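Notes to accompany the following structure.
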Amino acid sequence: MSVFAECTLIRNRDGPFHDRTLRHGHGSVYKHLHEATEDCKIILMILLQFTSRRLVSHVCRLTNSVSRQRSLVEMARPSSDMAEFRQIFAKAKHIAVITGAGVSAESGVPTFRGAGGYWRKWQSQDLATPEAFSRNPSRVWEFYHYRREVMLTKNPNPAHLAIAECEARLSKQGRTVIVITQNIDELHKRAGSKHMWEIHGSLFKTRCITCGNVTENHNSPICPALEGKGAPDPDTDDARIPVENLPRCEENGCNGLLRPHVVWFGETLDSNVLTQVEEQLEMCDLCLVVGTSSIVYPAAMFAPQVAARGVPVAEFNMETTPATTRFRFHFQGPCGLTLPPALARHDSEIIS
Ligand SMILES: [Zn+2]
C-alpha cells in the first residue's frame with residue numbers, strides 16, 4: 001500500500017487511536033514493523049501512532065522527507081556525549097520536554113500497573129475506564145481519592161526541578177522550555193514549570209458528567225463521604241458511597257456527578273490539547289524525551305515527528321529501545337541523575 005493510500009485510510013477514520021490501542025496494541029504492530037523495510041518502519045511507526053486527523057495530514061507531508069532523512073537516521077547512532085549535547089543545548093531557543101511515568105516513579109508515585117501494581121484487587125486499566133465509572137462510581141472515586149491523598153506525601157524530584165529551573169532561567173534569555181507530560185500528578189507544576197501540556201489531564205481536576213465544567217480541585221478529602229476511604233489493601237471492602245454523596249458539580253446549581261478529569265482507557269486525547277502540542281513541536285529546535293521509552297506512547301507519538309525534521313532528540317531513560325537509534329542522544333540511568341547536569345547553566349549563558 002502506498003504512503004498516500006495509508007494516509008487517506010487513516011484520515012478517513014473518524015476515531016483517533018485511543019489509549020488502550022496504543023498501550024495494548026504494540027505486539028502486533030511491532031511484529032509487522034519487524035518485517036517491514038526501514039522506510040516502511042519509519043512511516044508505519046509515525047502513522048500508527050498519531051491520533052488526530054490534523055497530525056496525520058502533517059505526517060503525509062513528513063513522509064516526503066523521510067527518504068531524505070533515512071540516510072541520516074540510519075547513520076546516526078545515539079551519542080551519550082554530554083559535552084556534545086551541551087553545545088546543542090546552549091544554542092537551542094525552544095526546547096520541548098516530553099515526560100512519562102519514569103519521572104513520577106522516581107518520586108515514588110505508584111502507577112498501579114505492571115507486576116505488583118495493584119489497588120485492592122485491581123490495576124489501573126481495570127478502574128480507569130468509563131465503563132468502570134458508570135458501573136461503580138463509588139469504587140472509582142475511592143481509587144482516585146487514594147491517589148490524590150498519596151500525592152500529599154510525594155514531592156518533585158531533581159528531574160522535575162531541573163526542568164522547571166531551566167525554564168525560569170532560559171525565559172530571562174528570551175528562550176523557552178515547554179513540558180508535554182502524560183503524568184497526572186502535577187509534580188511538574190509543583191516544581192515550578194509554567195508552560196505545560198498535561199495530555200492525560202490531572203488528578204487534581206474534576207469534570208462534570210452533566211455540564212462538562214472542568215474545575216481545579218485540591219481539597220482533601222475531595223468530599224466528606226470519602227474521608228478515610230480508599231485504603232489499598234486487598235481485603236478492604238468497597239465503601240459503597242451513594243452517588244449523591246460523591247463529588248458533585250457546584251456550577252450554577254448543576255449538582256451533576258463529577259469525575260476525575262483524566263483520560264481513561266478507551267478515551268481519546270483532547271484534540272485542542274493535541275493541536276497546541278503539535279504547534280509547540282513544530283517550533284522546537286531541541287527535544288528531550290524523559291522517563292519514557294520512545295516506542296511507547298506518548299513519546300512515540302511526538303518524538304519521531306520532531307526527529308524527522310532533523311531536530312536533535314535526546315532520550316533520558318533507564319533503558320534503550322529499538323527507537324533509541326533514531327535519536328541523536330541517549331543518556332541512560334535515573335533521570336534525576338542524568339537531567340540536572342544536562343540542563344544546568346551553560347558557560348555561554350548570559351544572565352542579566
Ligand atoms: Zn455540572
- Task: Given the conditions (1) modelled with pLDDT of 95 or more; (2) exposed (fewer than 14 other Cβ atoms within 10 Å of the Cβ), report the number of the one that Phe331 does not fulfil.
- Result: (2)
- If we scan the stretch 219-230, do we find a residue that is out of contact with any helix residue (DSSP H, G or I) (no Cβ under 8 Å at 6 or more places or on another chain), over 22 Å from His160 (Cα atoms) and either in a strand (DSSP E or B) or among the acidic types (Asp, Glu) (or both)? yes
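Name the residues in the stretch 296-307 that are closer than 15 Å to Pro78 by Cα and either surrounded by fewer than 24 Cβ atoms within 10 Å (Cβ to Cβ) or in contact with a strand residue (DSSP E or B) (Cβ under 8 Å, 6 or more places away or on another chain) (or both), would you?
In the first step, residues of the stretch 296-307 are kept if they are closer than 15 Å to Pro78 by Cα; the result is 303-304, 307.
Of everything in the stretch 296-307, those that are closer than 15 Å to Pro78 by Cα and either surrounded by fewer than 24 Cβ atoms within 10 Å (Cβ to Cβ) or in contact with a strand residue (DSSP E or B) (Cβ under 8 Å, 6 or more places away or on another chain) (or both) turn out to be Ala303, Ala307.
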- For the stretch 146-182, enumerate the residues that are under 22 Å from Pro260 (Cα atoms) and among the polar types (S, T, N, Q). Thr153, Asn155, Thr181, Gln182
- Item | Leu161, sole failed condition from (1) part of a loop (DSSP other than H, G, I, E, B); (2) in contact (Cβ under 8 Å) with a residue 60 or more places away in the chain | (1)
- Task: Please state which of the following conditions Arg248 fails to meet, knowing it meets all the rest: (1) over 20 Å from Trp119 (Cα atoms); (2) touching a Gly at 6+ places or on another chain (Cβ under 8 Å); (3) away from the ligand (no atom under 16 Å from the Cβ).
- Result: (3)
- Task: Would you point out which residue out of Leu274, Leu246 is modelled with pLDDT under 95 and buried (at least 18 other Cβ atoms within 10 Å of the Cβ)?
- Result: Leu274
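Within the stretch 251-275, can you find the residues that are in contact (Cβ under 8 Å) with a residue 60 or more places away in the chain and within 16 Å of the ligand (Cβ to nearest atom)?
Residues of the stretch 251-275 in contact (Cβ under 8 Å) with a residue 60 or more places away in the chain: 257, 259-271, 273-275.
Scanning the stretch 251-275 gives Leu257, Arg259, Pro260, His261.
Right, Glu216: within 16 Å of the ligand (Cβ to nearest atom), more than 25 Å from Leu127 (Cβ to Cβ) and touching a strand residue (DSSP E or B) at 6+ places or on another chain (Cβ under 8 Å) or not? Quick ask: steps written out before the conclusion?
Values: within 16 Å of the ligand (Cβ to nearest atom): yes; more than 25 Å from Leu127 (Cβ to Cβ): no; touching a strand residue (DSSP E or B) at 6+ places or on another chain (Cβ under 8 Å): yes.
When the stated conditions are applied, Glu216 does not pass them.
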- Message: Taking the criterion of being closer than 23 Å to Ser107 by Cβ, surrounded by 18 or more Cβ atoms within 10 Å (Cβ to Cβ) and under 17 Å from the mean Cα position of the chain (by Cα), would at least one residue in the stretch 317-324 satisfy it?
- Response: yes
- Task: Please go through the stretch 151-166 and pick out each residue that is buried (at least 21 other Cβ atoms within 10 Å of the Cβ) and β-branched (Val, Ile, Thr).
- Result: Ile163
- Task: Please give the helices (runs of 4 or more DSSP H) falling wholly within the stretch 76-154 in which 2 or more residues are closer than 26 Å to Glu315 by Cα.
- Result: 82-91, 101-105
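Scan Asp237, Asp285 and give me the residue that is under 26 Å from Tyr146 (Cβ atoms) and away from the ligand (no atom under 16 Å from the Cβ). Before you say what the answer is, go through the steps one by one.
Working: Asp285 fails: under 26 Å from Tyr146 (Cβ atoms).
Going through Asp237, Asp285 in turn, just one is under 26 Å from Tyr146 (Cβ atoms) and away from the ligand (no atom under 16 Å from the Cβ): Asp237.
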- Item | Which listed residue is touching a residue at least 12 places away in the same chain (Cβ under 8 Å), buried (at least 16 other Cβ atoms within 10 Å of the Cβ) and assigned by TED's automatic domain parsing to the domain that holds Arg120, from Arg148, Arg169, Arg175 | Arg148
- Has the stretch 186-202 got at least one residue that is closer than 19 Å to Pro110 by Cβ, assigned to a loop (DSSP other than H, G, I, E, B) and hydroxyl-bearing (Ser, Thr, Tyr)? no
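The values are calculated or read from the model by the stated rules, or taken from the named source; none is laboratory data. It should be emphasised that the depicted structure is a prediction, and the values quoted were computed from it without experimental measurement. Cβ sites come from the backbone with ideal geometry, for glycine too, and all protein chains shown count toward neighbours.
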